[in-house]
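Notes follow the structure.
The values are calculated or read from the model by the stated rules, or taken from the named source; none is laboratory data. All figures in this text were calculated on a predicted structure; none of them were measured in a lab. All Cβ positions, glycine included, derive from the backbone under ideal geometry; neighbour counts span all protein chains shown. Accessible surface areas use protein heavy atoms only, side chains included; no ligands, DNA or RNA. Shrake-Rupley method; radii C 1.70, N 1.55, O 1.52, S 1.80 Å.
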Amino acid sequence: MTPPAAPRLTTPEEAERYLLSRELFGMRFGLDRMRRMMTTLGNPQLRFDSIHVVGTNGKSSTTRMIAAILARHGLRSGAYLSPHLVSFGERIRIDDADLEPAAFAAAIGRAARAAELVDRSLAGDERVTQFELLTSAAYSELAERAVDVAVIEAGLGGRYDATNVIPSKVQVLTSVGLEHTRWLGPTITDIAVEKLAVVQPGGTLVLGHGLHPDANAVAERVATERGVQIVRALADPGVEVGAAGVFQRRNFALAAAAADAYLGRLDATAVAEAAAEVRIPGRLQVIDEDPLTVVDGAHNPEGIAALTESLPDVVGDRRPVVAVLSILDDKDAAAMLAGLLPVCDALVLTTSHNPRALPPPTLQSLAGQLGDLPSEVVPDPRAALARARELAGRDAPSARGGAVIATGSIYPRGRPRAPDRPRPRLDHMTRR
């Protein structure tokens, strides 16, 4: 299979189209292609310090928070995140801001030309994947911008993740849950082993509060084998955190511990400023007020638990609460629904552009087995959000109206926007 030739990419739209063309090569493990990409690009990953963030939940939030703390200590910081909400360019950040569109196009262009050269050196149908190309572009741009330190969020796992070509000084493990078991192994121990393969000899490993005991045991063993110091984050950072959600306080405490491990000492004022100002797109993010519409990217049972823990603080006494939900086929859909149903009054089940999304009727059937909540299927995610907003409208019993929570894997290629809506009643829905 021959990839399309890399054109001269001059606009972000061209860059995104080229990245999307690389989807056809799928997900392939191994670091050989990435090492060849780094060599072709002049080893940009060696031109900045790095902090590597791995784990099941909380990676993106923690990555953003670490970078924000470091920036407020006077360092030129960068970050690499995944996934994005609207455009690929959101994944690369310099000095606490998304990469400018023109710079994004230039970075993808450099990586595309390198990928063409690497593709020619590979045997059989081996090709540089989309994630490898994007990661290479990120490392190239971080080096071009002369960042002092970059905070790098791993994609899937750690050992064979494309990000794992950096000589990180600090590694951060946010949490470990049963996710991607077909690739990472069937147990917490197996998954922790894969994620903690990123730990570098002589470095510092920072562990999130409440880490699963089996993952903690793996961390202690790895630390002993590689001469690594372990730092355990507190449950609370002791400062006001602007990002919504109880879980974000835990994430910020972990971020502060990681920044301290890198810097050696933190300035209390700088930490407090970072805590107050940092915002996390896609986590308990309010996108409209009438009715209240909240987007949260909880995509596994642990994420749903974090969402439901904080939802009362966001929703208050608004009723009904209508959830818009899509789940991928490698997630524990039953556990996610079991966690979400008790805090909702109705469900709108939808799908995403991801080919691994479970069919909405399957979700509806599963929800019906777990309870008798009203539900309906609206396959298009934007139409599903519009329908949920209709159901949470002015006919709601609460004086302030209802609320919508859009969660799961519903927006991999575009953040939901609040549409205009009429307001029918909940009794139009199907009880299962």
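Observations, loosely collected:
- Some residue of the stretch 255-269 being open to solvent by less than 40 Å² (accessible area, probe 1.4 Å) and either in a loop (DSSP other than H, G, I, E, B) or among the β-branched types (Val, Ile, Thr) (or both): no
- Of all positions in the stretch 137-151, at least one carries a residue that is over 26 Å from Ala261 (Cα atoms), part of a helix (DSSP H, G or I) and of a type in the set (Gly, Ala, Ser).
- When residues of the stretch 44-85 are limited to those that are out of contact with any helix residue (DSSP H, G or I) (no Cβ under 7 Å at 6 or more places or on another chain) and charged (D, E, K, R), the one farthest from Glu179 (Cα to Cα): Arg76
- Qualifying residue in the stretch 32-48 (condition: touching a strand residue (DSSP E or B) at 6+ places or on another chain (Cβ under 8 Å), touching a residue at least 40 places away in the same chain (Cβ under 8 Å), open to solvent by less than 30 Å² (accessible area, probe 1.4 Å) and among the polar types (S, T, N, Q)): no
- Residue in the stretch 323-330 that is more than 18 Å from the chain's Cα centre (by Cα), surrounded by 20 or more Cβ atoms within 10 Å (Cβ to Cβ) and either within 23 Å of Ala383 (Cβ to Cβ) or touching a residue at least 12 places away in the same chain (Cβ under 8 Å) (or both) present: yes
- Leading residue by the ranking (modelled with the lowest pLDDT) among those in the stretch 162-193 that are surrounded by fewer than 22 Cβ atoms within 10 Å (Cβ to Cβ) and among the polar types (S, T, N, Q): Thr181
- Residue check for Arg159: farther than 26 Å from Glu13 by Cα, in contact (Cβ under 8 Å) with a residue 24 or more places away in the chain and basic (Lys, Arg): yes
- From the options Arg110, Arg72, Arg76, residue that is more than 22 Å from the chain's Cα centre (by Cα), open to solvent by 50 Å² or more (accessible area, probe 1.4 Å), closer than 24 Å to Gln248 by Cβ and modelled with pLDDT of 95 or more: Arg72
- In the stretch 80-88, the count of residues that are at pLDDT 95 or above, open to solvent by less than 40 Å² (accessible area, probe 1.4 Å) and over 21 Å from Gly42 (Cα atoms) is one or more.
- Evaluation of Gly339 against (1) outside any helix (DSSP H, G or I); (2) in contact with a helix residue (DSSP H, G or I) (Cβ under 8 Å, 6 or more places away or on another chain) (one fails), failing number: (1)
- Residue in the stretch 314-321 that is in a loop (DSSP other than H, G, I, E, B), open to solvent by less than 40 Å² (accessible area, probe 1.4 Å), of a type in the set (D, E, K, R) and modelled with pLDDT of 90 or more present: yes
- Applying the condition of being farther than 30 Å from Gly202 by Cβ and of a type outside the set (Val, Ile, Thr) to the stretch 237-254 and asking which residue is most open to solvent (accessible area, probe 1.4 Å) yields Glu240.
- Of the candidates Arg283, Arg221, Arg279, the single residue that is part of a loop (DSSP other than H, G, I, E, B) and either acidic (Asp, Glu) or surrounded by fewer than 16 Cβ atoms within 10 Å (Cβ to Cβ) (or both) is Arg279.
- Residues of the stretch 194-212 that are surrounded by 21 or more Cβ atoms within 10 Å (Cβ to Cβ) and closer than 17 Å to Leu178 by Cα: Glu194, Lys195, Leu196, Gly208, Leu211.
- Residue within the stretch 34-54 that is modelled with pLDDT under 90 and in contact with a Gly (Cβ under 9 Å, 6 or more places away or on another chain) present: no
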